[in-house]
Amino acid sequence: MAQTKTTSSPPPRGVKNAVGRLFASVPLLGFLFGFLACVLVEMAVGDRLANLLGLSKIPVLFGIVTIFKAIAGLVNTIFKGAAFDPGTLFHIPMALVYFGIVYLAPVVIVARLTSRLTNNLADALQQTSILFSALVHLALLYAIFHFWGGMNDYRLIVLKLTLVAVLLTLSLNIINGYMGEFSCSHPGFMAIGAYMSSLFTVGFFIDDKVLGAAKFSFSLAYLSFPLALVFGGLMASFGALLIAIPSFKTRGDYLAIISLAFLFIIKSFFENVQALGGARGISGQPDWATLPVIFTVVVIGIWAINNFVNSTMGKALNAVRDEESAAEAMTINTRKTKMAAFMFAAFWAGMAGGLLAHVLRYINPAMFGIQKLAEVLAMVYFGGLNSVVGSIVGAVSISLLSEALRPLEILKWIVIPLLLILVMIYRPTGLIAFREFNIRRILQPRRPDGKEV
Amino acid sequence: MTLLQVDHMTHFFSGLRAVHDFNLAIEPGEIRGLIGPNGAGKTTIFNLITGIYTPTEGKVFLNDENLLGLYPHKIASKGIGRTFQDLRLWRHMTVLEHVKMARYSQLTYGLWGAFLGTARRRREEAESENRAMELLSLLGVDHLADQLVVNLPYGAQRRVEMARALAIEPKILFLDEPTVGMTPEELVQIMAIIRKIHQKFGLAIFLIEHRLKFVMDLCEQIQCLVFGEVIAEGSPDDIQNNPQVIEAYLGKDAIEA
């Protein structure tokens, strides 16, 4: 591996270049194999290795939680005088070693060594249809998620919530990124989706003290779950008309305030309607939001949203954002465009809300307030406006960060905003903004010299 | 048959009379000029015809079809293309995307096609791309197709805007001061381009211009607008020698001297 660094001239300097060159000839398929190897290694030897390294159990999120737990212990000792166990400090290097052995090494070795094989495979897949190729990649990705999440319940729920966050962030990016309006109503759409899908599932199939006894009971009831989700999404879509119609005449700050008002109306509606549980909300949702269901819905969501924003109909959003009068003069139906954007975004936010309700199996109006708004806005702006990849990156990184920093307790709400401020200063539109998501290019094989085919 | 007809159009901006009793009849394939000093109401007339404002009084017809009260995008898709004096391009879009975007009203795949990526959508988008590339090469900017418009020099941006206006397949093209801020060489080029597209598509052109020489060279008929009123109308020669026009442009002293 050291050889690849020195053979060609001039040798680029810096760690980033070296890593880039090391993996230049590895296609996406290679990385998926690498991650699959990690997960299998962890399943096989994770417990024993953790014991050997003096860790009480497998580090849940790549060891980050373990590290921050040790740091938080130290902080608490300094500020609160709590008892300190010096042994926990020892966990920091051990967690890093664990990460190196279980994650870093298998990815590097497998991805690098199989690059010839995976390139040939990717080449062969490219000869078939793009759909088939994408499905193969997705199946591998799902296998990784399945094994990784299967090792620990906490992991599984973090994974599920992260996937839901991806869908939610992407749907908000349609309005805030692609159309350039600042919409604050997204938790409201989510609430409508969560409540309506719960109404469907709990109301029909579950004995509940708020919504009454089950109306139907048959063993295949879970097959109706997609219907419940779509119902929630459609209801959120109708709710979005309340914002879409004012948006014909109002833009910018004023529309932001209208959307904020919408959020408060929705929230107090659900707080005050006792038939929907009032402030206590609805609980006891059936456990239907399994990993495969969520994964499928999120993949379909990303696919549909990506289709939309890459079509001329979808790019009309950009035209409306950048210069509305020119859009009108170039035959673009701006009203239809705005309405489509709001309703489509709200539909997917409603779907995400429905999924969230069935992951947590409990909802109340307080979950869909300003805090949620801040969270999803942070994901959109951190990841990058006007970009599907950006939304995925933003949602995943903020979700994982906020889980990983949980041991820091109150300090977490200083660290994450600080990060956000830094991103806004150095990349004002987010990490990966204004970039198209080209599936064909992502999946294609890489030649050994690192050039794209 | 008259292509574009405007009868007795008057417009007030909350008490201020911007246009008074404006009449216009443009035949298919004609190049018509509209001149006048700053603030005379020339761009207002464009905005009134294209539906951005609704005239206080008067009527507008395209091929005997009433345009009053229609949304601007409807009017545009009936066959009125336009450019803007201040180049209203979409800053995050490429040159090709601009021209494809203007073919919005010709797309029939609808929102479901957009969400689901149907075969019909792929076919229509490909066809639209071909047409867009043809227009770009006609205007000599096809090599810039993948560039963001904000990165282009001014003259190229003007051409992109013109290609965009042509992409809606107009019957009449409104050009709002197409030569503003141009060098003499660019001026000659843009004149040739206007002649070329006029010939190729058999378009009627309605032109607002400041540079008298440019209008005199291109147009068959010219109207001169001052304070919202047409003070003179006729061939370039008539306009050039009309004392009222000279007075409006150069001041009263110019005639007496």
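Note down the relative contact order for chain B as a percent, whole number, built from C-alpha pairs under 8 angstrom at least six residues apart.
Result for chain B is 27 percent.
May I ask for the Kirkwood hydrodynamic radius of the range A:153-440, worked out over all distinct Cα pairs and given in angstroms to one decimal?
19.2 Å is the Kirkwood radius here.
Distance from the Cα centre of the range A:312-370 to that of the range A:134-176, in angstrom?
Taking the Cα centre of the range A:134-176 as reference, the centre of the range A:312-370 is 21 Å away.
Under the definition of partner shielding as Cβ atoms of other protein chains within 10 Å of a residue Cβ, what is the mean value for peptide B:76-85? Kindly include the intermediate steps, with their values, before the conclusion.
Details: counts 5, 4, 1, 0, 2, 3, 3, 2, 4, 0.
Going residue by residue through B:76-85 and averaging, the value is 2.
Can you say what percent of the DSSP beta bridges in the protein assembly as shown, counting only those with both residues inside, are antiparallel? Round to 5. Write down the numbers at each step before the final one.
Numbers: 24 of 40 bridges.
Around 60 percent of the beta bridges assigned by DSSP in the protein assembly as shown are antiparallel ones.
Using a 10 Å cut-off on Cβ to Cβ distances, tally the other chain neighbours for every residue of A:305-315 and report the average as a whole number.
Rounded to a whole number, the mean comes out at 6.
Based on Cα positions only, what radius of gyration and what Dmax would you give for the protein assembly as shown, in angstroms?
Calculated on Cα positions, Rg and Dmax stand at 31.4, 106 Å.
GNM, chain B, Cα, under 10 Å: largest mean-square fluctuation among B:Gly113, B:Gly69, B:Gly41?
It is B:Gly113.
For the range A:350-453, what's the relative contact order in percent, using C-alpha pairs closer than 8 Å and at least 6 residues apart?
Computed value for the range A:350-453: 29 percent relative contact order.
Mind listing the phi-derived Karplus ³J(HN,Hα) values for the range A:198-206, rounded to whole Hz, using 6.51, -1.76 and 1.60 with θ = phi - 60°, and x for any glycine or proline?
So the Karplus estimates, Gly and Pro as x, are 5, 4, 5, 6, 5, x, 8, 10, 10 Hz.
In Å and on Cα atoms, what radius of gyration and Dmax does chain B show?
Expressed in Å, the Cα Rg and Dmax of chain B come to 19.3, 72.
Would you calculate a helix-derived [θ] at 222 nm for chain A, using -39,500 (n - 2.57) for each DSSP H run of n ≥ 4 and dividing by the full residue count, to the nearest 500?
On the way: 20 runs with 304 residues, N = 453.
Theoretical 222 nm ellipticity from helices: -22000 deg cm²/dmol.
What does the average come to when, for each residue of peptide B:92-104, you count the partner chain Cβ atoms lying within 10 Å of its Cβ?
Other-chain Cβ atoms within 10 Å of each residue's Cβ, averaged: 5.
Going by Cα centres, the range B:152-214 and the range B:86-122 are how many Å apart?
A separation of 23 Å, based on Cα centres.
Please go through the range B:197-257 and write out the chymotrypsin sites (Phe, Trp or Tyr not before Pro) that DSSP classes as loop and that have at most 15 other C-beta atoms within 10 Å.
Numbers: sites: B:Phe201, B:Phe206, B:Phe214, B:Phe227, B:Tyr249; in loops: B:Phe227.
Within the range B:197-257, the qualifying chymotrypsin sites (Phe, Trp or Tyr not before Pro) (loop, at most 15 other Cβ atoms within 10 Å) are B:Phe227.
Considering only chain B, what is the antiparallel percent among its DSSP beta bridges, to the nearest 5? Working shown, then result.
Details: 20 of 36 bridges.
Roughly 55 percent of the DSSP beta bridges within chain B come out antiparallel.
What list do you get for A:Ser133, A:Ser183 if you sort them by fewest beta carbons within 10 Å?
A:Ser133, A:Ser183
Fewest first, what order do B:Trp112, B:Trp90 take by the number of other Cβ atoms within 10 Å?
B:Trp112, B:Trp90
Lysines within cross-link reach of B:Lys59: Cα-Cα under 26 Å, excluding same-chain residues under 8 positions apart?
A:Lys249, B:Lys42, B:Lys74, B:Lys78, B:Lys171
Using a cut-off of 18 Å between alpha-carbon atoms, which aspartates and glutamates can reach A:Lys412, once sequence neighbours fewer than 8 places away in the same chain are excluded?
Leaving aside aspartates and glutamates fewer than 8 places away in the same chain, those within reach of A:Lys412 are A:Glu375, A:Glu403.
In percent, what relative contact order does chain A have, based on Cα pairs under 8 Å that are 6 or more apart in sequence?
Contact order relative to length: 24 percent.
Could you tell me the largest-minus-smallest coordinate of the C-alpha atoms of the range A:160-269 on each of the three principal axes, in descending order and whole angstroms?
The principal-axis extents, from largest down, are 49, 28, 21 Å.
Quick one: order A:Lys315, A:Lys215 by neighbouring beta-carbon count within 10 Å, fewest to most.
A:Lys215, A:Lys315
Looking at chain B as a GNM with Cα springs under 10 Å, which of B:Ala167, B:Ala126, B:Ala156 has the largest mean-square fluctuation?
Top of the fluctuation ranking is B:Ala126.
Across 5 Å bins from the origin, how do the percents of Cα pairs in the range A:2-146 run, short distances first?
2, 9, 14, 14, 14, 13, 12, 10, 6, 4, 2, 1, 0
Residue by residue, what Karplus-based ³J(HN,Hα) values in Hz, rounded to whole numbers, does the range A:315-332 have, using 6.51, -1.76 and 1.60 with θ = phi - 60° and x for Gly and Pro?
For the range A:315-332, the Karplus-derived couplings read 5, 4, 4, 5, 5, 5, 5, 6, 6, 5, 5, 5, 4, 4, 5, 9, 6, 7 Hz, x marking Gly and Pro.
Mind checking the range A:359-423 for chymotrypsin sites (Phe, Trp or Tyr not before Pro) that DSSP puts in a loop (not H, G, I, E or B) and that have at most 12 other Cβ atoms within 10 Å? Provide the component values of the computation, followed by the final result.
On the way: sites: A:Tyr362, A:Phe368, A:Tyr381, A:Phe382, A:Trp413; in loops: none.
Loop-located and lightly packed - none at all.
The numbers here are math on the coordinates, done by the rules we state, and not lab data. These numbers were taken from a predicted model, which means no experiment stands behind them. Neighbour counts run over all protein chains shown; Cβ positions are idealised from the backbone, glycine included.
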